[in-house]
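Step one of this worksheet: look at the structure below.
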Amino acid sequence: MQDFNFESFNNKYKIHYDNDRKVPDYKFLTWFIGFTEGDGSFVISKTSKELQFVVTQSTEDIAILQYIQENLGFGKVIKQGKRTSRYVVQDFSNLHLIILLFNGNIVLPTRKKNFKDFLDKFNPKIVKKKNKTYDYASGSGQGIAVEYRVSHILPSLGNSWLSGFTDAEGCFTVSFLKTSNAFRLRYIVSQKGDSNLPILSSLILLFQTGAIEAHSAKSNYSYILSGVKACYNVYSYFYNFKLKTKKAISFELWKEIHSSIAKKGHLDLELRDTLIDKAKKVNSIKRKSK
């Protein structure tokens, strides 16, 4: 299976920052790519003159944008209105870093297309540059365009990509029926686009359980893992590759409810009310994060 390759990014980072900064580690970079494939975008202005890399979040969750900025060591966190904040990279040298980071390391097919369009607009800018500061594209020599790298990476239990993607596009949910002792305990990852369906489907093999469900909206799908026994299958992964947004709080509450249900606690009427209140907190975090 193909793995993430950060050699070009690491080399350029060391040159650009002259070893003054520690190169971001593999665990962070794979998380960041997963998170970006959910909540990030490669923005091309209508005139194609302005290029931006943007990750957007609710201002309530601005801490995760600041975390990204601190770990990468570049970019700006900007509040846009009362409710929205953005992590933005728009200067040439750091956009070049972003491009080398993502080139050949993108998982979702729809994101690969967006990135290639962005790269096609960026490459002419490299060729025009005459400053030796930018003499470290994927090859050697001044003004060399970055060659698009095809990737065939799938989600893995050995890196943080799925953790980052879950922080952006996943959720943990719990519901209790009022008319019976029944409950639903689920881990869900959703995504739009028929071409992304094989990526979601690969999670079934990854966790050895779960199913794909189509939404009523066209080309929208979810990977759903549910049930007391099956939900244990995600524990080890998220222990090794921790969530970094408020989804981490949701996950911990979800596990507490899961543990109680496994011990038949939901059959105790008094305890069931407590579990219902806790479930509301889990689901509230899910809503606030999107």
Which members of region 59-109 meet the condition of being of a type in the set (Lys, Arg) and either touching a Lys or Arg at 6+ places or on another chain (Cβ under 9 Å) or within 19 Å of residue 27 (Cβ to Cβ) (or both)? 76, 79, 86
Going by what's in this entry, would residue 49 be described as of a type in the set (Lys, Arg), crowded, with 20+ Cβ neighbours inside 10 Å and over 26 Å from residue 191 (Cβ atoms)? no
For region 198-211, does any single residue satisfy the condition of being in the same structural domain as residue 276 (by TED's automatic domain parsing), in contact with a Gly (Cβ under 7 Å, 6 or more places away or on another chain) and assigned to a helix (DSSP H, G or I)? yes
Among residues of region 150-201, those that are of a type in the set (Ser, Thr, Tyr) and farther than 19 Å from residue 245 by Cα, counted: 7
Working only within region 15-39, note down all residues that are of a type outside the set (A, V, I, L, M, F, W, C) and surrounded by 24 or more Cβ atoms within 10 Å (Cβ to Cβ). 30, 34, 36, 37
The one condition in (1) buried (at least 16 other Cβ atoms within 10 Å of the Cβ); (2) touching a residue at least 24 places away in the same chain (Cβ under 8 Å) that residue 242 fails to fulfil: (1)
Here are the criteria: (1) β-branched (Val, Ile, Thr); (2) crowded, with 16+ Cβ neighbours inside 10 Å; (3) over 18 Å from the mean Cα position of the chain (by Cα). Tell me which single one residue 78 does not satisfy. (2)
Looking for whichever is over 19 Å from residue 207 (Cβ atoms), modelled with pLDDT under 90 and of a type in the set (A, V, I, L, M) here; the options are 253, 269. Which one fits? 269
Can you tell me which of 106, 62 is more than 27 Å from residue 193 (Cβ to Cβ) and either modelled with pLDDT of 95 or more or outside the structural domain of residue 190 (by TED's automatic domain parsing) (or both)? 62
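Working only within region 9-29, note down all residues that are assigned to a loop (DSSP other than H, G, I, E, B) and not hydroxyl-bearing (Ser, Thr, Tyr). First the steps, then the outcome.
Going residue by residue through region 9-29, those that are assigned to a loop (DSSP other than H, G, I, E, B) are 17-25.
Listed by number, the residues that qualify are 18, 19, 20, 21, 22, 23, 24, 25.
The values are calculated or read from the model by the stated rules, or taken from the named source; none is laboratory data. Values in this document were obtained by computation on a predicted structure and should not be read as measured data. Cβ atoms come from the backbone with ideal geometry, glycine included; neighbour counts cover every protein chain shown.
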